[in-house]
Each structure stands twice: as structure tokens, then as C-alpha cells.
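Q: Submitted below is the structure of interest, expressed as C-alpha cells.
Read-outs throughout are calculated quantities, based only on the coordinates presented, and are distinct from any laboratory measurement. It should be emphasised that the depicted structure is a prediction, and the values quoted were computed from it without experimental measurement. Cβ: placed from backbone, ideal geometry, glycine included. Neighbour counts: every protein chain shown.
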2 protein chains.
Amino acid sequence: MTSARPAPTRLRILIEASRLFAIRGYHGTSTRDIAGAVGIQQPSLYKHFATKHEILAALLDEDLGPALARIRAAVAADGQVAVRLHAFVVGDIAAVLSLPYDVRGLYNDDVLQLPELAAQARSRARLHAATADLVRLGVEAGEFVAEEPEFVQGAITGLLLEVVREQGPEPAADPRTPATRVADFVLRSVLADPRRMPEVRAASATLAARIERAG
Amino acid sequence: MTSARPAPTRLRILIEASRLFAIRGYHGTSTRDIAGAVGIQQPSLYKHFATKHEILAALLDEDLGPALARIRAAVAADGQVAVRLHAFVVGDIAAVLSLPYDVRGLYNDDVLQLPELAAQARSRARLHAATADLVRLGVEAGEFVAEEPEFVQGAITGLLLEVVREQGPEPAADPRTPATRVADFVLRSVLADPRRMPEVRAASATLAARIERAG
DNA sequence: CCCGAAGGCTATCGATTGATAGCCTTCGGG
DNA sequence: CCCGAAGGCTATCAATCGATAGCCTTCGGG
């Protein structure tokens, strides 16, 4: 084993902290709140995390790391850009919805501007830049309408946050349904030729299945 | 005059508080921070607002009141639903972008769940419900694809927040350009017949002009 | 059998929080 | 001319914040 499996307490801290951050915000949640939700005393938190913001950083890292890997794979892959973008959006949103954490409190400006989380803010900027790059490929190839890639990336981000917001704290039982709804919504709007939608959806589904088999 | 014009200090408190809430969040902003940005001492704030959350409530009220009036007018109006929805989205986003306040920190869950802001949370729920109603009209009339109205409403909300986030603290010099971009994005995705887009855009523009003349 | 690390606990710290008390100046209406 | 409201100010409060010190128990490897 390269790493010891994390103590269950550490995981419970992350889960409960993420829920409290979602409801009351990072600054509105005290370390005593978190400890109380976990069922331990406040100083015991510091046996697992050196500071409060380290809890937040761990949550962001667990979300951002895989997301960056997914978007990079989508940018580097070949095939139609519309299919790659659709499959990425479905996979990304499904992954976020499947996390045991409540990510609603993680991506607010007030939290990503903390100086201690500069590394996570940079990761998020890279994620956004790579997403915009993928959109730009589609625009340049003539697959998409001539829309600013950064605006489309922002739209994807906004839709993801909105879906997460609707869902609430529990991991989704069926994450691919809302995820596909978002991907369809985005591609209906960006596709230069809307008649391609059925074909794009089908190709995205088989691409997703191929990725899942590859693990 | 039915009401005395608000003292400039009160307005400056609202402006500076909104910017700080956007950057650090409501809970992350102290009353001393706000007072310092305004250039007064912390206890002087309480000559204008009885509590900290009253500042937040005033900001939300100034945004939600007009927004509710706009969506209700759009639901009650007659004409094609696509045109009404397009014009509402353009007008709503342009209005938010024209505010002297930075609204980025106002619509986070952590703030709307405060028990002291229950009234504002209800207003926002009504705004969302009315928006979904308008979308539902379009779906039932066959103008829109068969998408869940609540999802489309959420998408509009998410896109609005994303545009506001990109823009930053200053009121927009040209609010209608990004506003129209969002409205176009949404309607391209919802319109059952995408070929109607040019016609919808044109009718929306003349409708907006008529509303502006009416004041 | 023991010993040290892991992970709980209580007690406590200094800093910061939102809010109040009370004083002083400005200024417009009677 | 004055007087009271408006709106600043200083000083201060109790509560709460994140974090540290130090003690005790559990438990797995040698």
C-alpha cells in the first residue's frame, strides 16, 4: 500500500464539514460546529487537520484533482469536439454528484480568495482554462456557433453549481440523469447544427461507456 | 416628497458592504471592515442599521423587489412566450448589472438560510416560481422543448450569477450585451424550433424598447 | 509484556466579533 | 437665538472564535 487508508474520523470530518460549509458557509461554520456534528470535542479536530482551512483545502483537492484529469483527457482525445464536450460535462457533473461531500459551499468566491487556498484557486483556473480550450476547438472547427469560449465555460460552471444546489447534501442515486440534462442543454445551445443532437448524444454515451470500461 | 432622500452615508454603507460581502462573504466580513471601507467608526454603522443582517436585508430587498415586478409583468403580458422570456432575461440581467452594488455575495445559500432573512428567502422563492411558470407556459404552448421548467429556471439563475461573477464590482457600462448573450444562450436551448431565433430576438428588442418608453 | 504512536479528552489562551452606552458637534426649523 | 434630532465619536462589554498545552486511554508490533 502506498498510503494508509484514512481513519474513519478524518472522512467523517470532511463529510460533516462540507455539509456545514454548504449551509452556513466557511466563515459561518465554527470548528466547534464541525466537531459537534462529528461527535468529538473541538480540539480533537486538530489531531487530523492542522488548521480549519486545511479541511477546506482537502475537500477542494479531492474534487479538483479528478476534474482536471478528466478535462485534460477530453482536450487531448480525438473525435468530434461536440461529443467530447458532451461526454466531459456528463462525466464531470456525475462525478461531483456522486461525491460523499456536499460541494455547494466550496466554490464561492469568498472562499477561493483566501490566501491559504491560492493553490486550489490556481487549479480551478486551470480547469476553467482547459474547458474553454475545448470549446474553442469546437468553434474553430465550425462545430459550434461563434460564441466566446469563456462564456460557454462559465455557463457550464453555472449550470453545474445550480444542479448541485438543487440536489442537496446526499450523493445522487442516479447522477447521470441530471448530468445528461445539463450536457444536452449546453450542446443544444452551442451546436451550429442542432440536428446533430441525437447523433452527439449517442456517440457521447458510447464514449462514456468506453471510458468506464477502461476505468 | 413621500420619503426623505437617503443620507449618502447609508448608500455608501450599502455599496461598500456589498463589495466586501462579495469578496469575503457575509460571515467573513466584520462590521469593522465595512465601517473602515466607508471611512467611519464601527459603532457609527448602528446609526443607520440596527443590526449587521439588516444591511444584507436592505441589499436583497433593493434587488428582489424590482425583479419580482419584472417577472410578474412578463408572466401577465400577452404575446409569444419566447419573446417574453427573452425580454425578461435581458431586462433582469441588465438591471442587476446596472446596480451600484456588487450582488455576488448576496445569493449564496449560507446567507439566504439565515433565520433573520426568511422574508427575503421567500421573495426569492416566489421569483423562481414565477420564472418557472413562464417557462411552463412556453412548454405547454409548444414553443419550447419538453424540459422541466424548474431546471430551465435554475439554468437562468446559474447563468445570471456566472455573468455577475465575471463582471466584478463595478456597474457595467454596457449591461445589455452580456444580458442578451445569456438570453440568446437560453433560448437557443429551449426553443422547439431554433429557426425562430432571429425573429424572437427582434421582437424582444422592440418589446424592451416599448417597456423602456413606458418607464 | 511493554512501549510508543494515535487519538481522544479538559482547560485555557488571546484575538476578534456584534452590539451598547454615553458624549459631543452640526445644523435646520420655530 | 436656541433646541432637539441626526450622526459622528470613544470606551467598553460579553460571547465566540481558532488554536495550544498537556493528560489519559487504546492498541498493535517487537
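Q: Here's a check for you: in region B:114-125, which residue that is over 18 Å from B:Leu161 (Cα atoms) and not small (Gly, Ala, Ser) is surrounded by the most Cβ atoms within 10 Å (Cβ to Cβ)?
A: Here the residue is B:Leu117.
Q: If I filter region B:27-65 down to residues being outside any helix (DSSP H, G or I) and away from DNA strand D (no atom under 13 Å from the Cβ), which single residue comes out as surrounded by the fewest Cβ atoms within 10 Å (Cβ to Cβ)?
A: B:Thr51
Q: Which condition does B:Gly138 not pass, out of (1) more than 18 Å from the chain's Cα centre (by Cα); (2) within 13 Å of another protein chain (Cβ to nearest Cβ); (3) of a type in the set (Gly, Ala, Ser); (4) part of a helix (DSSP H, G or I), if it passes all the others?
A: All conditions are met except number (2).
Q: Let me ask something additional. Can you go through B:Phe49, B:Phe88 and tell me which one is within 17 Å of the chain's Cα centre (by Cα) and either more than 14 Å from every other protein chain (Cβ to nearest Cβ) or more than 11 Å from DNA strand C (Cβ to nearest atom) (or both)? Steps first, answer last, please.
A: Details: B:Phe49 fails: within 17 Å of the chain's Cα centre (by Cα).
Within the list B:Phe49, B:Phe88, the selection yields B:Phe88.
Q: Pairs under 8 Å by beta carbon, first residue under 21 Å from A:Leu14 (Cα atoms) in region A:63-74, partner assigned to a helix (DSSP H, G or I) and acidic (Asp, Glu), six or more apart or different chains?
A: Pairs that qualify, where the first residue is under 21 Å from A:Leu14 (Cα atoms) and the partner is assigned to a helix (DSSP H, G or I) and acidic (Asp, Glu), are A:Ala67/A:Asp92.
Q: Taking region B:75-106 on its own, how many of its residues are more than 22 Å from B:Ile15 (Cα to Cα), part of a loop (DSSP other than H, G, I, E, B) and not acidic (Asp, Glu)?
A: Total satisfying the criteria: 3.
Q: Determine which single condition B:Thr29 fails, assuming it passes every other condition in (1) within 14 Å of chain A (Cβ to nearest Cβ); (2) more than 16 Å from DNA strand C (Cβ to nearest atom).
A: Looking at each condition in turn, B:Thr29 falls short on (2).
Q: Yes or no: B:Leu68 more than 16 Å from DNA strand D (Cβ to nearest atom), within 14 Å of chain A (Cβ to nearest Cβ) and surrounded by fewer than 23 Cβ atoms within 10 Å (Cβ to Cβ)?
A: For B:Leu68, the condition - more than 16 Å from DNA strand D (Cβ to nearest atom), within 14 Å of chain A (Cβ to nearest Cβ) and surrounded by fewer than 23 Cβ atoms within 10 Å (Cβ to Cβ) - is not met.
Q: Another question about this same structure. Among the residues of region A:126-135, which ones are away from every other protein chain (no Cβ under 14 Å) and surrounded by 18 or more Cβ atoms within 10 Å (Cβ to Cβ)?
A: A:Leu127, A:Ala130, A:Leu134
Q: Which one is surrounded by the most Cβ atoms within 10 Å (Cβ to Cβ), of the residues in region B:139-165 that are more than 13 Å from B:Leu85 (Cα to Cα) and among the charged types (D, E, K, R)?
A: In this case the residue turns out to be B:Glu162.
Q: Related question: Is at least one residue of region A:74-84 surrounded by fewer than 20 Cβ atoms within 10 Å (Cβ to Cβ), within 13 Å of DNA strand C (Cβ to nearest atom) and polar (S, T, N, Q)?
A: No: zero hits.
Q: Shifting gears a bit: So, of the residues in region A:161-181 that are more than 8 Å from chain B (Cβ to nearest Cβ) and of a type in the set (A, V, I, L, M, F, W, C), which turns out to be nearest to the chain's Cα centre (by Cα)?
A: Restricting to residues being more than 8 Å from chain B (Cβ to nearest Cβ) and of a type in the set (A, V, I, L, M, F, W, C), the top hit is A:Val164.
Q: With the requirement that a residue be surrounded by fewer than 21 Cβ atoms within 10 Å (Cβ to Cβ), more than 21 Å from the chain's Cα centre (by Cα) and assigned to a helix (DSSP H, G or I), what does region B:182-200 give you?
A: Matches in region B:182-200: B:Arg188, B:Pro194, B:Arg195, B:Arg196, B:Met197, B:Pro198, B:Glu199.
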